[in-house]
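First up is the structure itself, then whatever we jot down about it.
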Amino acid sequence: MRDRILAFLVLLPSVLAVGVFVYGFIGQNLWVSLTDWGKDPAQALALRPELRFVGLENYRELFTGFVDVRFRQSVVNLIFFTLFFMAGSLGLGLLLALAVDKAPRGEGFFRTVFLFPMALSFVVTGTIWRWLLQPQGGVNVLPTLFGLPPLSFPGLATREQVLVFDWNRLPFYTALVVGLVLLYVAYAAYREGERRRALWGLASAGVLLLWAFAFGRGLRLLPYPEVHGFSLALVGVILAAVWQMSGYTMALYLAGLRGIPVEVLEAARVDGASEWQLFRRVIFPMLAPITLSAMIVLGHIALKIFDLVFAMAGLDYAPTDVPAIYMYLLAFRGNQFAKGAAIGILLLLLVAVVVVPYLATQLRKEVRR
Amino acid sequence: MGRALLYGFLLLMAGFFLLPVYLVVLTALKEPARITLETVWQWPHPPYWESFRTAWEAFRPKFQNSVVLAVSATLLSALVGSLNGYVLAKWPFRGSGLLFALILFGMFIPYQSILIPLFQFMKSIGLYGSLFGLVLVHVIYGIPIVTLIFRNYYSEIPDELVEAARIDGAGFFGIFRHVILPLSVPAFVVVAIWQFTQIWNEFLFAVTLTRPESQPITVALAQLAGGEAVKWNLPMAGAILAALPTLLVYILLGRYFLRGLLAGSVKG
Amino acid sequence: MRKWLLAIGMVLGLSALAQGGKLEIFSWWAGDEGPALEALIRLYKQKYPGVEVINATVTGGAGVNARAVLKTRMLGGDPPDTFQVHAGMELIGTWVVANRMEDLSALFRQEGWLQAFPKGLIDLISYKGGIWSVPVNIHRSNVMWYLPAKLKEWGVNPPRTWDEFLATCQTLKQKGLEAPLALGENWTQQHLWESVALAVLGPDDWNNLWNGKLKFTDPKAVRAWEVFGRVLDCANKDAAGLSWQQAVDRVVQGKAAFNVMGDWAAGYMTTTLKLKPGTDFAWAPSPGTQGVFMMLSDSFGLPKGAKNRQNAINWLRLVGSKEGQDTFNPLKGSIAARLDSDPSKYNAYGQSAMKDWRSNRIVGSLVHGAVAPESFMSQFGTVMEIFLQTRNPQAAANAAQAIADQVGLGRLGQ
């Protein structure tokens, strides 16, 4: 099959390029993260730095060291940011798509207006939203133009946190969540008739939950309680990010809505379905693949978010820290290259935890096809 | 009544989306001394157009670099992506799924992590400082997403069409040229829009991997912002100018964008 | 092989004769600070016409992008011929200890700079017997800005100690001024902190913090945080979202009475806001720091392996010369590091600062790279955040000490 060989050869350059430029560098990052590059100033920026292998020391410090409290908050911030950013962009995008789809006139205009923010760079978006959210100016001042009293939305200046928890309880909560997820997987497997998988899921969930209640609660990561939570200052950043990306999700959903065959909708209507039922049972499930695809793109933007936060709050504002900012701080301002590399690896692991199962299920579906 | 609500909602959202843009335009038209937080919504009397001229002067030498960079990188990206998508969708072989997954995973790497090794690598192969090097870097790091878009798009093309062409005697490239390419226009548009926007606005690689003669306008844009004392009218004017080409691309290709998304993403 | 060497030798010889070649100057000056550097470059081109000068500036607030690019290049073995760096530990703790810079003591002796610069400055830029960069300008960190007309209106005087400040603050609050002290984002709060700490500790103990003789957890140092907390109560609550210029704006608009900021604020008020120094706005040393000049300095060094070494050395000569400094500084809004600069070229603020520079005790700034290495400075933001979150002086002191231990502060030693 000459053609098959040709196909492989065509793909090869990309595979090689990604192999070197992505995995090669990831490998290098991994290696660096296991050294002490940056601890000794005499070696940090030397022409040929001498590095010592220190194993998982950097990781240990990031999770349990006193100084790296900002890293831990940045991870918490990242999780909340990703959740709300994705929910916001998907939700708003869907609403806008539904509205534009139903509007008989002005589609071109509305579509361009909603898509426009994507053309701006994150730096510009960040700067503008920073002004808009300034407590003494921007949005709060807007009502005064109409003779109304000014608002007092605190914007980025707030240091409040909600959903507060203690870092030491994290293993317990994580085990709980994972245990519940495993229970759900077991349940789904049982319903599909896969008994072995169901039993495995049940067993692992059981073990995890048992451990959580027996030992997890007593586990001490840090010798003192450390408070983390959802920083309300992040709301401003989420708002700016959703503003920038909702146009993209709107365009995706609009295309999806147009792709639903009219006959299916008509048939459902003839069967007596109301608009809401139509939406819930016909339209929404058919949009699921788009949602998934958008989630990948939005997720990867959320994880790497740096420019936006930097423009809105600078490098030194802990309530809006995200790992990419802290990594930049450590590596390029503090010369702690090894710790910075460790953060990079951790980010990838975080992604892997979410993306790998998705890819695995996709591949399994294709094999079955 | 329903219609009024619908348009009301749409107009409200349009306002929400345009408000920040209005602010950008407003600030670009003010003199530096008059840019304060308290007067942020006031329209300047008279408008100060100098900022645009100054910004354009700063951009002009670098504008060509940006155009060359964005256009060539986008074209190359599209070509590579379409070939990759074609292989993964129509010529799967053992392990191609895994390769695709590995390529896709590469999309998530944060650029700060790889900045130093990338720099050292580019220097060692002699491409540091050149525009071509930057083009190459953008093409390579764009491989995952363009491959994803094209692969999803091509998996929609019925296998029967490919079969029919093969029976007619066409080989790998023959099928590509005669069957796949003509149907690919919407996907090319999606990729073009996405990659053009990303590459045109990218800053970190642009500032690290180039020398002054090969810098694109994102660097000039940052330059306008200056160091300690920022005259905001300049960066705002610059941002508007920098966003114009991308906006032009959106307006002109917007219709095709939808058609491409429609076919490329419905099946995820 | 020999033919290659011959060819290279010829090329080098010829280029030395022609004094041509290039000079790549790496900095983060652009925007308003651009003209000063450009004037200096023009001067250089007059003296050395055959040289092609490449002005490689990378902007982004206070060098944040420039540092990333510089470090990437240096690690990759591609140093610029000379680069802008804050004089003091920022240079020494990052580049000198890593053996990347050339010792400039010989140059200093040749050019007579050991007499031209004050001893306090020379001490700050020396390390292990060598001198590592040529300071081109001096900025002062411990300055307090106010509008004399406004103060007269409110019937208060600029306070001379922090206790007086807190009292004045109460008076102003009673007059309806909600936040008498204008403050901006995190780094400006660190900037305020170092003025408070200098006042509480005095210059000797301030130096002891950095050479390891005084611990951050010492009660004297903890007291600095206590005073700082009380000073913060006089500041605006929305500080986190304001840039330093917006904080200065608050004073100019009469919404605040005082602002503690480096003297680039004078440049902002003169050039952008078009106010007259001395009449429209005035200044005083920040409370409790009279007679002490807390300095920061932009300087240029000579990296090892610079491709155009002789051109770079000529640049350094120009940068440290009277002509060079008096060309650069009036445009930049800073003062010359030299003691013999010409006062007539500077505005009212510059002249006042020059007098203080010649007579005051000189200490280095923390926030701007003079007294602590980057590994400490970059994490001081975390210490500040811990304090802002908890308002607990002991917690902040512990954090600062933990970081100091981690980076080995004071072990680098002089």
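The values are calculated or read from the model by the stated rules, or taken from the named source; none is laboratory data. Keep in mind the model is a prediction, meaning the values are calculated, not measured. As a convention, Cβ positions derive from the backbone with ideal geometry for all residues, glycine included, and neighbour counts pool all protein chains shown.
Please specify each residue of the range C:223-261 satisfying the condition of being part of a helix (DSSP H, G or I), within 27 Å of C:Leu275 (Cα to Cα) and basic (Lys, Arg). Quick ask: steps written out before the conclusion?
Here is the first cut: in the range C:223-261, the residues part of a helix (DSSP H, G or I) are C:223-232, C:239-241, C:244-252.
Next, from what is left, pick out any that are within 27 Å of C:Leu275 (Cα to Cα): C:239-241, C:244-252.
Of everything in the range C:223-261, just one residue is part of a helix (DSSP H, G or I), within 27 Å of C:Leu275 (Cα to Cα) and basic (Lys, Arg), namely C:Arg250.
So, of the residues in the range C:63-110 that are among the charged types (D, E, K, R) and assigned to a loop (DSSP other than H, G, I, E, B), which turns out to be surrounded by the most Cβ atoms within 10 Å (Cβ to Cβ)?
That would be C:Asp81.
How many residues does the range C:398-408 contain that are within 24 Å of the chain's Cα centre (by Cα) and aliphatic (A, V, I, L, M)?
4
Hey, does the range C:154-164 have a residue that's among the hydroxyl-bearing types (Ser, Thr, Tyr) and farther than 15 Å from C:Val371 by Cβ?
The answer is yes, given that some residue of the range C:154-164 is among the hydroxyl-bearing types (Ser, Thr, Tyr) and farther than 15 Å from C:Val371 by Cβ.
Each row is one residue, and each column tells you yes or no for (1) away from chain A (no Cβ under 14 Å); (2) modelled with pLDDT of 85 or more.
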site: B:Phe16; (1), (2): no, yes
site: B:Thr27; (1), (2): no, no
site: B:His45; (1), (2): yes, no
site: B:Phe52; (1), (2): yes, yes
site: B:Ala55; (1), (2): no, no
site: B:Arg60; (1), (2): yes, no
site: B:Ser72; (1), (2): yes, yes
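Could you please find all residues in the range C:288-344 being of a type in the set (Asp, Glu) and crowded, with 24+ Cβ neighbours inside 10 Å?
From the range C:288-344, those of a type in the set (Asp, Glu) are C:298, C:323, C:326, C:340, C:342; that's our starting set.
Scanning the range C:288-344 gives a single hit, C:Asp298.
Output the residue which, of all residues in the range B:112-136 that are of a type in the set (Val, Ile, Thr) and either within 15 Å of C:Met74 (Cβ to Cβ) or free of Cβ contacts under 8 Å to residues at least 24 places away in the same chain (or both), is farthest from the other protein chains (Cβ to nearest Cβ).
Among those that are of a type in the set (Val, Ile, Thr) and either within 15 Å of C:Met74 (Cβ to Cβ) or free of Cβ contacts under 8 Å to residues at least 24 places away in the same chain (or both), it is B:Ile125.
Checking the conditions here, which among C:Trp193, C:Trp206, C:Trp210 is within 25 Å of C:Ser243 (Cβ to Cβ) and crowded, with 20+ Cβ neighbours inside 10 Å?
C:Trp193
Examine the range A:8-29 for a residue that is under 30 Å from C:Gln389 (Cβ atoms) and among the aromatic types (Phe, Trp, Tyr), and state whether such a residue exists.
no
Would you point out the residue of the range B:226-240, among those that are touching a Ser or Thr at 6+ places or on another chain (Cβ under 6 Å) and in a helix (DSSP H, G or I), that is modelled with the highest pLDDT?
This residue is B:Ala237.
Criterion first (more than 17 Å from the chain's Cα centre (by Cα) and either within 12 Å of chain B (Cβ to nearest Cβ) or acidic (Asp, Glu) (or both)) does A:Phe109 satisfy it?
Values: more than 17 Å from the chain's Cα centre (by Cα): yes; either within 12 Å of chain B (Cβ to nearest Cβ) or acidic (Asp, Glu) (or both): yes.
So A:Phe109 passes the test.
Of the residues that make up the range C:223-238, is at least one at pLDDT below 90 and more than 29 Å from C:Asp405 (Cβ to Cβ)?
For the range C:223-238, residues at pLDDT below 90 and more than 29 Å from C:Asp405 (Cβ to Cβ): present.
Looking at the range A:331-341 only, could you name the residues that are crowded, with 24+ Cβ neighbours inside 10 Å, more than 10 Å from chain B (Cβ to nearest Cβ) and in a helix (DSSP H, G or I)?
A:Ala338, A:Lys339, listed by residue number.
Hey, B:Tyr111 hits all of (1) modelled with pLDDT of 85 or more; (2) under 17 Å from the mean Cα position of the chain (by Cα); (3) more than 15 Å from A:Ser14 (Cα to Cα); (4) surrounded by fewer than 21 Cβ atoms within 10 Å (Cβ to Cβ) but one; which does it fall short on?
(1)
Of the conditions (1) under 29 Å from B:Leu102 (Cβ atoms); (2) surrounded by fewer than 20 Cβ atoms within 10 Å (Cβ to Cβ); (3) within 11 Å of another protein chain (Cβ to nearest Cβ), B:Glu202 clears all except one; give me its number.
With (1) under 29 Å from B:Leu102 (Cβ atoms); (2) surrounded by fewer than 20 Cβ atoms within 10 Å (Cβ to Cβ); (3) within 11 Å of another protein chain (Cβ to nearest Cβ) applied to B:Glu202, the lone miss is (2).
Every residue, every condition in (1) within 25 Å of A:Gln136 (Cβ to Cβ); (2) at pLDDT below 95; (3) part of a helix (DSSP H, G or I), yes or no:
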| position | (1), (2), (3) |
| --- | --- |
| C:Val156 | yes, yes, no |
| C:Asp163 | no, yes, yes |
| C:Gln170 | yes, yes, yes |
| C:Asn207 | no, yes, yes |
| C:Ala221 | no, yes, yes |
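Every residue, every condition in (1) at pLDDT below 80; (2) more than 8 Å from every other protein chain (Cβ to nearest Cβ), yes or no:
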residue	(1), (2)
B:Ser184	no, yes
B:Val191	no, yes
B:Thr208	no, no
B:Pro216	no, yes
B:Ala242	no, no
B:Ile251	yes, no
B:Phe257	yes, no
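Check B:Ser124 against each of (1) within 30 Å of A:Ala331 (Cα to Cα); (2) of a type in the set (Gly, Ala, Ser); (3) buried (at least 17 other Cβ atoms within 10 Å of the Cβ) and name the one condition it does not meet.
(3)
Return the total of residues in the range A:141-165 being surrounded by 19 or more Cβ atoms within 10 Å (Cβ to Cβ) and either more than 7 Å from every other protein chain (Cβ to nearest Cβ) or in a strand (DSSP E or B) (or both).
Let us first name the residues in the range A:141-165 that are surrounded by 19 or more Cβ atoms within 10 Å (Cβ to Cβ), namely A:141, A:154-158, A:161.
Cutting the leftovers down to either more than 7 Å from every other protein chain (Cβ to nearest Cβ) or in a strand (DSSP E or B) (or both) gives us A:154, A:158, A:161.
Residues that pass the stated criteria total 3.
Quick check on this structure: which one of C:Ala199, C:Ala221 is in contact with a Lys or Arg (Cβ under 8 Å, 6 or more places away or on another chain) and buried (at least 22 other Cβ atoms within 10 Å of the Cβ)?
Details: C:Ala199 fails: in contact with a Lys or Arg (Cβ under 8 Å, 6 or more places away or on another chain).
Result of the check over C:Ala199, C:Ala221: C:Ala221.
Okay, residues lined up against (1) in contact (Cβ under 8 Å) with a residue 60 or more places away in the chain; (2) surrounded by fewer than 16 Cβ atoms within 10 Å (Cβ to Cβ); (3) not in a helix (DSSP H, G or I):
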position: B:Phe17; (1), (2), (3): no, no, no
position: B:Lys30; (1), (2), (3): yes, no, yes
position: B:Phe59; (1), (2), (3): yes, no, no
position: B:Ala70; (1), (2), (3): yes, no, no
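Residues checked against (1) outside the structural domain of C:Cys234 (by TED's automatic domain parsing); (2) out of contact with any helix residue (DSSP H, G or I) (no Cβ under 9 Å at 6 or more places or on another chain):
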{"residue": "C:Asp81", "(1), (2)": "yes, no"}
{"residue": "C:Glu90", "(1), (2)": "yes, no"}
{"residue": "C:Thr94", "(1), (2)": "yes, no"}
{"residue": "C:Gly112", "(1), (2)": "yes, yes"}
{"residue": "C:Ser133", "(1), (2)": "yes, no"}
{"residue": "C:Tyr146", "(1), (2)": "no, no"}
{"residue": "C:Lys152", "(1), (2)": "no, yes"}
{"residue": "C:Gly155", "(1), (2)": "no, no"}
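Among the residues of the range C:375-402, which ones are at negative phi, in contact (Cβ under 8 Å) with a residue 12 or more places away in the chain and of a type outside the set (A, V, I, L, M)?
Within the range C:375-402, C:Ser375, C:Phe376, C:Gln379, C:Phe380, C:Gly381, C:Thr382, C:Glu385, C:Phe387, C:Pro393, C:Gln394, C:Asn398, C:Gln401 qualify.
It is to be established whether one or more residues within the range A:196-214 are under 30 Å from A:Glu160 (Cβ atoms), part of a helix (DSSP H, G or I) and basic (Lys, Arg).
For the range A:196-214, residues under 30 Å from A:Glu160 (Cβ atoms), part of a helix (DSSP H, G or I) and basic (Lys, Arg): absent.
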